[in-house]
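Where a number appears in this text, it was derived from the coordinates with a stated rule and is not lab data. Since the model is a prediction, treat every value here as computed from it, not as a measurement. Virtual Cβ from ideal backbone geometry, glycine too; neighbours counted across all protein chains shown.
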């Protein structure tokens, strides 16, 4: 029936998928907490205005924006940063560093495709008020640790670059317009080399500089290869402060046990507000879009309140993560939960069963009761089909002896237990 | 600055409030799970159409509806039931009973007031596919157990009524239009008795019937007083099937340890689709709107797919709950978490501290590191002000001895610990 259609690009989650999703979210929360980040939350609707501060028209074309009943131009939030920024600048009393995380729902009106729905959750992490190698590393390491705890260790690579370093390189090789050159590089893996070359030439990068730069862009570099790569491009950057900082970030991440980290000159992230390190995580086989991405954006807060606040953060969407976990066979959660299906026989048996049911629940055990009039054998079949691990039977004998029969529905084993010993379950 | 305004009727949550909110949601999830309910989730946007199935124009006036970029009339979901219903009828393979819960965000465009924002979370629970006293009780008891676990035991009352029973009463006393009379009763506590009387008279209820009915409506009845009340109103309902069912539901809820439950004839819940039991929970002092509300709605699914499915459920919003918990002094969470602030002195000390930091996190302990250049005494002050429970110091001495100093920031006590024994923390 057309009247009960779900909208295109949106997804329902049934219990079989929710179990995994809740596990993922709880790992995100726990990992963020272990790293000293605290939870926040903000509305799902904001004035469209606040996205104009940092984003171009491209984003605005893709928002679920509308006029509300008071004729204000509002939008479902398409990203997390502006709301977080708004919350940050509204409170002058916060002790720095401010370390926040959230898992908001975000909406974008764009053509649905694999790893991109019109609605998704994003694990969003921001570290405000401090700078330095170790601060950047904290944020990247949190993204890595989250993936490791999800079972993805050694299945992903983090590509790192530094905007300042990139700007120096571009200036040295003749770029006449840094932001525009950054935009060209942002498309490096999406367009042909010829097209990229042509565009960079138009930026003022030519001859041997262009050839060397294209070669430099065309691969990524583990720690062991960076010096050689920078030596080869020949711009005398080996002693540059930004180069050394980028290098020691790579080293530090590596030292902390997150080894799949590389310098990738073509990772620049399109958005104009990044001011230092930028990074993206990808599955090793390159099958999916980026798993997470982020960077340092020290100047953004000044657009909100006139004062700069050091800031570094990342976002990790749930859609690519779900695709990757499914692909790796890590989506199904093995059901190891102990759960009880309580079956009472006869009027008295049912009454006693009802009491036991609530005793179990107050002991924080998962329990349901047979509420239909099936016979015992069908009740047991039903309990199995509903994935209960145990049945508890209260028949005439059990009533008389103040006991219950506990049946393991997997092994078939059963035993009697006195009601006084219910806590032994 | 006007450009960073938050919308009216919406709320930000900072960490000091999020801690409690996450605790509340996790109690909701765990209690639902203990009662055998499984989690689902659905989109935040639906076709406006699906709300026209069950709700009147009143609701539609209060939705955040708009035309999307494909000119479809869509809305932010104002309530949970239609989406849940849509998910239920889309799957024919589900084994009954189907017991689902969710904590979706919902939106209503109405004047913001205490306990009612334009956006809120709602703990939503539905039990499909079975009927009977014990099934209704399961759902009401889950609402009660959730409040009890939130620390609200004995602070709330559940008011119960039965739509079928109410319809019988109304018919017997002369009502000419049952749905319209139900609407009048729904306003019983919100309008003057005179106004209610006038309106009921227009429904065809007059004379002694009207007087007795108003008296009947004007209070609620614990288990011990119900028979007398029904005797007094004199409609020969003491042996009625619906009366007896309502009575045994009250008895059963009471027997399960949720004692603040009363029969309340004026609790009818306005929505037209309820078909049996209806209920609402209120704080005992009557300071707030209802904490939760729900009922049986067996016929609603037939509007979605042509087949009736027994259904009973409730919704519990987070806004009234927050007000009530704050009023009872139950909002602040005592911070008992053990957390470590790791301070390394000198270059080598900082390096060692960085390793310890990540060891702690991998042990799933909450830990952060001093990333600024404060001196040790200021670092310790900072750690206290950030509410860390312990500091870990790595100075020259500790470096030499492969140890750490652990300082309890509350008691001031400190001890040395060998690095090999880090797991003893």
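What to note about this one:
- Distance from the C-alpha centroid of segment B:211-248 to that of segment B:87-162: 26 Å, rounded to the whole angstrom.
- Percentage, to the nearest whole number, of Cα pairs in segment B:1-85 over 21 Å apart: 55
- Computed log10 I(q)/I(0) for segment A:270-425 at 0.09, 0.10, 0.17, 0.20 Å⁻¹: -0.56, -0.59, -0.94, -1.16, from the Debye equation with unit scatterers placed on every C-alpha and solvent omitted.
- Cα long-axis angle, helix B:207-217 against chain B (0 to 90 degrees, to the nearest 10): 10
- Most to least packed among A:226-234, B:266-274, B:87-95 [average Cβ atoms within 10 Å]: B:266-274, A:226-234, B:87-95
- Counting only DSSP beta bridges whose two residues both lie in the protein assembly as shown, roughly 80 percent are antiparallel.
- Only Cα sites of segment A:339-424 enter the Debye sum here, all with the same form factor; the resulting log10 I(q)/I(0) across q = 0.26 1/Å is -1.52, listed in q order.
- Placing a label point 7 Å from the Cα of residue B:385 along the Cα-to-Cβ direction, the residues of segment A:123-149 whose backbone N falls under 17 Å of that point are A:128-131.
- Plainly put, the tip 7 Å out from Cα toward Cβ on residue B:198 is 8.0 nm from that tip on each other copy, the closest given first.
- Centre-to-centre, using Cα atoms only, segment B:385-408 and segment B:185-210 are separated by 73 Å.
- Hydrodynamic radius (Kirkwood) for segment B:67-169, which is based on Cα pairs only, to one decimal in Å: 17.0
- Shielding by partners for peptide B:114-122, expressed as the average number of C-beta atoms from other protein chains within 10 Å of each residue's C-beta, is 1.
- Projecting label points 7 angstrom from Cα along Cα→Cβ for residue A:202 and residue B:58 puts them 6.1 nm apart.
- Extension gain from residue A:405 to residue A:71, taking 0.36 nm per residue of separation minus the Cα-Cα distance: 113.8 nm
- Projected area averaged over orientations for segment A:150-192, convex hull of C-alpha atoms, nm²: 4.7
- Square roots of 5 times each gyration tensor eigenvalue, C-alpha, chain A, largest first, Å: 54, 24, 21
- Kirkwood-based Rg to Rh ratio, segment A:44-124, C-alpha trace: 1.01
- Nearest-to-axis residue in chain B, judged by Cβ distance to the rotation axis that brings B onto A and given in whole Å, is B:66, 2.
- Radius, Kirkwood style, for segment A:331-381 when every pair of distinct Cα atoms is counted (Å): 12.0
- Placing a label point 7 Å from Cα along the Cα-to-Cβ axis, residue B:238 is separated from the same position in the other copies by 10.3 nm, shortest listed first.
- Of B:235, B:250, the sequence from fewest to most neighbouring Cβ atoms within 10 angstrom is B:235, B:250.
- Choice from A:178, A:291, A:392 with maximal GNM fluctuation in chain A (Cα, 10 Å cutoff): A:392
- Relative contact order (percent, whole number), segment A:339-424, Cα cutoff 8 Å, 6+ residue spacing: 30
- Volume in Å³ per residue [convex hull over Cα atoms, computed for segment B:1-142]: 164
- Rg to Rh, two decimals, where segment A:130-251 supplies the alpha carbon set and Rh follows Kirkwood: 1.00
- Neighbouring Cβ atoms from other chains, within 10 Å of the Cβ of residues in B:17-25, number 2 on average.
- Estimated translational D of segment A:300-356 in µm²/s (Stokes, Kirkwood radius over Cα pairs; 10 °C; 1.306 mPa s): 91
- As a length-normalised measure over Cα pairs under 8 Å and 6 or more apart, the relative contact order of chain B settles at 14 percent.
- Segment A:55-108 - percent relative contact order, Cα under 8 Å, separation 6 or more: 39
- Convex hull volume per residue in cubic angstrom - Cα atoms of the protein assembly as shown: 192
- Averaging over all projection directions, the Cα-based convex hull of segment B:226-280 occupies 4.4 nm² in the image plane.
- Test item: B:164-175 mean partner chain Cβ contacts at 10 Å: 0
- 7 Å along Cα→Cβ, label-point gaps from residue B:93 to other copies, nm, shortest first: 5.5
- Range of Cα positions in segment A:115-174 per principal axis (Å), largest first: 42, 29, 26
- Protection proxy ranking of A:380-388, A:110-118, by the mean of other Cβ atoms within 10 Å over each peptide's residues and highest first, is A:380-388, A:110-118.
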